[in-house]
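I have placed the structure first, in the form of structure tokens, so that the comments after it can refer back to it.
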Amino acid sequence: MPDLDDGSTETDTFPETPLSPGALRQALDARLAEVPGWHSPGDPVRLGFAMTAPHPLALDALERFTARNANNVGVHTRFGGGTHGTRRLEREAVLALGGLLRADSVDGYVTGGANEGTLAGLRIGRNALRAAGAREVVVLASALTHHSVAKAAEILDIEPRLCPAGPSWLLEPETVRAELAALAARPGRTGVIVVSTAGYYNTGLVDPVDRIGDVLREHAASGGGLPLFHHVDAAHGGMILPFTDPDVAFDFRHPFVHSVVLDPHKSGLMPYSCGVFLCRKGLLGHGAVPAPMSGFVDETITGSRSGAMAAALWSLVFGVAAEGYREVFRAALDVRDRLAGAVRAADPDAVLLPAPGNPVLVAGFSRDGGRLPAELAARYRLVGNKLPWTAPDGRVEERLFYHFYAMPHLTREHVDGFRTALVDALADRPEPAAAPAARRPAPDLPDALRNLRRDSVCLRHVVVHPPGRRDPDGYPHAYSFHTFQDRAGLGEELRARPWTGDGGRPGLYVYAPDLDAPFANELFGVTDPERYALEVLDRNQQKLSLVGAAHFALFGPGRRTPDRPLLLANFHADGVLRSVEYKYGDRRLADEVQVFADALVVKVGKDGRSVRRTGDDYSFSLDTSLELRVRLTDDAAPPEVVRVARHADPALPRRRHLLRGQYHRFPNRFFDVIVDLSVGRRFRGATTAAGLGLHDGRLLARSAGWDLVRVEPSYADGALEVRLAAVGGTGGCVFRVPLGLGAHLPALLPGVPVGDPERLDPADVVGWAARLHPVAEALREAARTRDGGLRRLSAPGAPS
Ligand SMILES: *Cc1c(COP(=O)(O)O)cnc(C)c1O
């Protein structure tokens, strides 16, 4: 998997020949074994998620009807449709669910889930409000509303207005009233879609839908001026509350509820993907699009839909029925109460909030800021959320709460096992020790080193690994990347002291997170803070590193100017030079050339700006707009284009990456365009970009220097030339790199073996840095940008 090798993902070839039945079966069986089941004792207990084992009746119907492959496209509660086959089953199931939700009459259809149903409701609401004369449409909901509401607002390009959740965790009627008053004061006519929730995902609580409906009705009746629509997200509670607490009026029994979404795959014992959208008669037309080629009017979001899924839903509505659902959810409420007992046994001071009528328990634990041990949370798939909480002294503060779902598959035995685990996990946990007093740096350090953590001028090696899994032998899929990010955002602690040992001179410092064992943990560095730094990685980082075991960075004296590159030399653990990198730009965004013995790499727009950190966990993406790699062979072979891979269009803006915590994914290396070339090191001919088939305009990239540029590689006089020319403007540069440069550099920049870092003597590393500095300085000086934007890389004694 290329993804695990270097963080980038490319496509696979489509298989030419089929797998044998045996091999196919084996591969599928292996993947099936990775999908947890529900019923055997070894199956994980997913306490933090509202999901459960599907009902056998649904699975049976699904299997029988899937072979017929019926398409239920369209809506079958209208115009006398739904008289046959799976369409009839859908119509009957949807109308029965309309009855469950106390509607006299409804339209509706089976969706892929609640996201789609809410999109359908908000789309009809928006169009209906526009038809009623609204210029702008606003979606009003609680900040605790499921993100599908914000998603629908984004898709429909309407304004989300999420009210802060107060200590009740509900959308309060008074809040709605105040918001309506504020919106009524806006110029123009604003339409408002209010979204109430029957069963919040985090808490299981139900908004006072009927009182919110009253506020809307009053507004309308008193000529308040705002056209209004009311959608109820009953994904979680809609198929539970009617059976556990039929008096909760979250549904169509209030006349000011216009549409409701249910999620049978969440709380109705259906397999994925099955939601149901329901709305009052007369509204579906607001989402109607004629399909003249097919001869019908489409009033749904999705188009083709599974008839077999409708059959499966029908089999539960009529085969389980109210009696069956009542029994299932009453039992679930008992299990929930048993869960509450387990929590109380482990933490008598925990705050417990069982949702009325919903098999959800919310618990705020009393110690460690309410946080449960990570191992327990992972084992039981527990999710914590910060919610506003009224402390005993009356102040409202954020507090961490976990939610527990007592879904129907959960047995008393599961709960008792959890009780034991929770009691164990919370027993005898020492109060967190007071943080050790921060050690102060030596008083004679210069400002640049006083807080290395904030100011370090060194480049940074970022190691990404799952929390607590730093050891690459135990966890090979970790990464160590080299990036431009300075240490500022990464918050690591480094300590420094002036170097006074052999080879010392004023102005030289050594640093490490732990100066008593400098090579054991993360890295050891020597720096002249105005000029350069040499860093040696520890053993773990060396194993993870994709770019070498030691790095020499040259950055001074003084501030870098855009015409002088930052220079970086990377060394393998055995001391052999790996590459020299010339970076033109700033620390985070640069155009660069990497020179290897057997390759030249030009990176246009290497962007390390999205490196972020949460706790010990890094997330990042190193995005390079265009990477041009030239493989050098030991002969005079003429240039060849090996391949051009176009992963993304550089002309379109790309969104920054999210924090890993939000993203749940390993880091990326992302390239808009990759160009692989090859050429013999002794090739002396000339070839233009056009001659390579890469002429004018074929290659575009986002450069650090000139934004969108044309990239034109060519060869002349034994050198690679890469021209960057600004598109639609002036400016650009030419990188000129002799093909023999990389073979010459290792002799100029001899290294020191660092594969056994604990055995290193700091004095040897300091001496090494002092030897590297003048050579690196000469290399960089030669690569200064000249008139006409020429950037000529060369080395003393090397072919040029
Ligand atoms: C689960 C859930 C959703 C989203 O449902 P999908 O079926 O994943 O589309 C929406 N709202 C609430 C309240 C939910 O609990």
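All of the numbers you see were taken from the coordinates with simple rules; none came from a lab. Predicted model only: the values in this text are computed from it and were never measured. Every residue, glycine as well, gets a Cβ built from its backbone with ideal geometry; the counts of neighbours run over all protein chains shown.
Using the basic label-point model (7 angstrom from Cα toward the beta carbon), what is the Lys281 to Ala690 distance in nanometres?
Inter-label distance under the simple model: 7.3 nm.
Helix 412-426 versus the longest principal axis of the chain: what angle, 0 to 90°, nearest 10, using Cα atoms?
So the helix axis and the longest Cα principal axis differ by about 40 degrees.
Could you state, as a whole-number percent, how many of the C-alpha pairs of the stretch 45-130 are farther apart than 15 Å? If you can, show how the numbers build up before the last one.
On the way: 2624 of 3655 pairs.
Summing the P(r) tail past 15 Å for the stretch 45-130 gives 72 percent.
Less than 13 Å Cβ to Cβ from Val604, Lys/Arg counted +1 and Asp/Glu -1: what total charge do the surrounding residues give?
Working: positive: Lys583, Lys603, Lys606, Arg629, Arg702, Arg710, Arg723, Arg791; negative: Asp591, Glu592, Asp607, Asp623, Glu627, Asp672, Asp707, Glu712.
It works out to a net charge of 0.
Once phi is turned into θ = phi - 60°, what whole-Hz ³J(HN,Hα) does the Karplus curve with 6.51, -1.76 and 1.60 give for every residue of the stretch 351-358, x standing for Gly and Pro?
8, 10, 10, x, 6, x, x, 10
Determine the percent antiparallel among the DSSP beta bridges restricted to the chain, to the nearest 5.
Values: 115 of 151 bridges.
Of all bridge pairs located within the chain, approximately 75 percent are antiparallel.
Based on a Kirkwood Rh over C-alpha pairs, give the Stokes-Einstein translational diffusion coefficient of the stretch 129-187 at 37 °C and viscosity 0.692 mPa s in µm²/s.
Details: Rh = 12.4 Å.
The Stokes-Einstein estimate is 264 µm²/s.
Contour minus end-to-end for Ala33 and Ala132, with contour as 0.36 nm per residue of separation and end-to-end as the Cα-Cα distance?
Between Ala33 and Ala132, full extension yields 30.2 nm more.
Please report, in debye to the nearest 20, how large the charge dipole of the chain is about its Cα centre when each Lys and Arg carries +1 at its beta carbon and each Asp and Glu carries -1 there. Don't skip to the answer; put the middle values down first.
Details: 93 positive and 96 negative charges, 324 e Å.
Charge dipole of the chain: 1560 debye, to the nearest 20.
Which lysines have a Cα less than 30 Å from the Cα of Lys281, not counting those fewer than 8 places away in the same chain?
Answer for Lys281, where 30 Å is the Cα cut-off: Lys151, Lys266, listed by chain and number.
Quick one: Phe596, Phe735, Phe49, fewest Cβ neighbours within 10 Å first, how do they rank?
Numbers: Phe596 22, Phe735 26, Phe49 15.
By the 10 Å Cβ count, ascending, the order reads Phe49, Phe596, Phe735.
How large, in Å, is the chain by the Kirkwood hydrodynamic radius built from its alpha-carbon pairs?
Values: mean 1/r = 0.0321 Å⁻¹.
Here the Kirkwood hydrodynamic radius works out to 31.1 Å.
If I take R0 = 22 Å and measure r between the Cβ atoms of Ala220 and Ser168 in this structure, what FRET efficiency does the formula 1/(1 + (r/R0)^6) give, to the nearest 0.05?
Numbers: r = 25 Å, r/R0 = 1.14.
For R0 = 22 Å, the calculated efficiency reads 0.30.
Stokes-Einstein D for the stretch 100-245 at 37 °C, 0.692 mPa s, Kirkwood Rh over Cα pairs, in µm²/s?
Working: Rh = 15.5 Å.
Translational diffusion coefficient: 212 µm²/s.
Quote the FRET efficiency, to the nearest 0.05, computed for Met51 versus Val641 with a Förster distance R0 of 35 Å and r equal to the Cβ-Cβ distance. Numbers along the way, then the final one.
Numbers: r = 50 Å, r/R0 = 1.43.
Once rounded, the FRET efficiency stands at 0.10.
Equivalent-ellipsoid semi-axes (√(5λ), Cα gyration tensor) for the stretch 288-408, whole Å, largest first? Intermediate values should be presented prior to the final figure.
Values: eigenvalues 345, 91, 38 Å².
Working from the Cα gyration tensor, I get semi-axes of 42, 21, 14 Å.
Using a 10 Å cut-off around each Cβ, can you sort Thr730, Thr300 from fewest to most neighbouring Cβ atoms?
Details: Thr730 7, Thr300 21.
So the residues, fewest neighbours to most, are Thr730, Thr300.
Hey, what do the phi angles of the stretch 399-405 turn into as Karplus ³J(HN,Hα) couplings, whole Hz, using 6.51/-1.76/1.60 and θ = phi - 60°, x for Gly and Pro?
Going residue by residue, I get 9, 7, 10, 9, 10, 10, 9 Hz, with x marking Gly and Pro.
Take the Cα atoms of the stretch 203-315, find their three principal axes, and give me the spread along each one in whole Å, biggest first.
Rounded to whole Å, the extents work out to 46, 38, 20 Å.
Once you order the gyration tensor axes a ≥ b ≥ c over the Cα atoms, which shape class does the stretch 146-225 get: rounded for a/c under 1.5, otherwise prolate or oblate by comparing a/b with b/c? Don't skip to the answer; put the middle values down first.
On the way: a/c = 2.05, a/b = 1.25, b/c = 1.64.
Cα axes put the stretch 146-225 in the oblate bin.
Simple spin-label model, 7 Å along Cα-to-Cβ: Ala425 to Arg786 in nm?
Inter-label distance under the simple model: 6.6 nm.
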